[in-house]
Amino acid sequence: MDMVFRALAIYLFLVVVFKVAGRRALLQMTSFDLILLLIISEATQQALLGQDFSVTGAMITITTLVVVDIIFGLMKKYFSPVENILDGTPVILVENGVPIADKLKKVDVSCDDILVSARQNNGITEMSDIKYAILERNGHISIIPVEK
C-alpha cells in the first residue's frame, strides 16, 4: 500500500510542478528540456519504487499511475472546472495584429514564439498579418490570419 501512496503523491506533485511551469514548457522541447525530463524521470523512478525493485512493485506503481490518470481524465470529462484547473483555458495572445503584453507575460510566451508558429503553420512573417494568436490548452499556438 505504501507504493500506491508514493505513486499518488509523486503523480500529484508532478501535476502541480508542470502546472506551475506553465504551458510554455510544452510549447517546444529544447535539449535542456530533454535533459531535465530525463533527470525528472530518474528521480521519479527512485521516489516511486524506493528500495523495492521487484517486478511486482513496478507493476503496482504503473497500475496506480494509470488508474490515477484515468480518474483525472474522467474528472476533466465530466466536471469542466476540473479541466480548467488542470489544463487551463485557451489564452488570446494577439488580437488584430497587436500583442497583448500582460497575457504574454503571464503565460511566458514571446512575440518570437508567436511568429515562429505563424511562419511554420501559416507562412506569416509579420505580426500585423495575424488576426488572432491563441495559446491552446496543449501548449501550441494557433494562428488565425487576417482575411485578405
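So the values come out like this:
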quantity	calculated
23 Å Cα cut-off, lysine pairs counted over the range 26-148 (separation 8 or more, or different chains)	4
Diffusion coefficient, µm² s⁻¹, Stokes-Einstein with Kirkwood Rh over alpha-carbon pairs of the range 105-148 at 37 °C and 0.692 mPa s	311
Spacing of the two label points (7 Å from each Cα toward its C-beta) at Ile71 and Val98, in nm	4.7
Candidates Glu126, Glu83, Glu136, ranked by Gaussian network fluctuation over the chain, Cα under 10 Å, top entry	Glu126
At 1.567 mPa s and 4 °C, Stokes D of the range 79-136 from Kirkwood alpha-carbon radius, µm² per second	108
Alpha carbon Rg of the chain, scaled by the compact-globule rule 2.2 N^0.38 Å	1.31
Gained length - Thr56 relative to Phe5, 0.36 nm times residue gap less alpha-carbon distance	16.8 nm
Helix-only [θ]222 nm of the chain, DSSP H runs n ≥ 4, -39500 (n - 2.57) each, per residue, nearest 500	-20500 deg cm²/dmol
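Rule-based calculations on the coordinates, nothing more; no lab input. As the structure is a computational prediction, the values presented were derived from the model and not from experiment. Glycine also receives a Cβ, built like all others from the backbone with ideal geometry; neighbour counts cover every protein chain displayed.
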